[in-house]
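Have a look at the structure below, then the notes.
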Amino acid sequence: MKHSHIPIERRFAGSETEQLSDPDYQIGLGIHYRTLTLGWPDILSRMRTVVLGEAKCGKTHEFKQQVANLNQQGKLAFFLPLDQLYDNAVDEVLSHEEERSLSNWLQQPKNEAWFFLDAVDELKLRDGSFNIALRKLRKVIN
């Protein structure tokens, strides 16, 4: 069965634990969700963002969809599963087309690119190191 994407307006909130466990704050997020939360345009405008969420809430699918959306807009975006990046070089994780795009981007560093690194939890379960995976990416993109 093929899964299709159902577009939803996903919103993101800050991660102060005290606030997120406060029922009044949660209600406020519901009432003022546009002013107290961020959407994908906000997230994509930032230099670095960490997206945390419960397991099986759709982060991987959402990341892949954002990569597809950015690529359709003529922007450069990559999806990198951290468990694969831990075990392999960056070029081994990417398709040939993505590898060419990355190589072209590296020669034109003024252009923006987005890297969606996914599944820190799965990497931890494999006794992998998040830092090793990040170092591999940093080595490639300087």
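The values are calculated or read from the model by the stated rules, or taken from the named source; none is laboratory data. Computed from a prediction, not measured in an experiment: that's the story for all the values here. Virtual Cβ from ideal backbone geometry, glycine too; neighbours counted across all protein chains shown.
Quick one: which residue in Leu70, Leu106, Leu76 is in contact with a helix residue (DSSP H, G or I) (Cβ under 6 Å, 6 or more places away or on another chain) and modelled with pLDDT of 85 or more?
Details: Leu70 fails: in contact with a helix residue (DSSP H, G or I) (Cβ under 6 Å, 6 or more places away or on another chain); Leu106 fails: in contact with a helix residue (DSSP H, G or I) (Cβ under 6 Å, 6 or more places away or on another chain).
Result of the check over Leu70, Leu106, Leu76: Leu76.
Cβ separations smaller than 6 Å between residues 6+ apart or across chains give no pair from region 99-110 residues that are of a type in the set (S, T, N, Q) to residues that are surrounded by fewer than 11 Cβ atoms within 10 Å (Cβ to Cβ). For region 39-68, a residue qualifies if it is over 22 Å from Ser4 (Cβ atoms), more than 12 Å from the chain's Cα centre (by Cα) and surrounded by 11 or more Cβ atoms within 10 Å (Cβ to Cβ), and exactly one does: Asp42.
State yes or no: is Gln66 closer than 23 Å to Glu9 by Cβ, part of a helix (DSSP H, G or I) and not charged (D, E, K, R)?
Details: closer than 23 Å to Glu9 by Cβ: yes; part of a helix (DSSP H, G or I): yes; not charged (D, E, K, R): yes.
It is true that Gln66 is closer than 23 Å to Glu9 by Cβ, part of a helix (DSSP H, G or I) and not charged (D, E, K, R).
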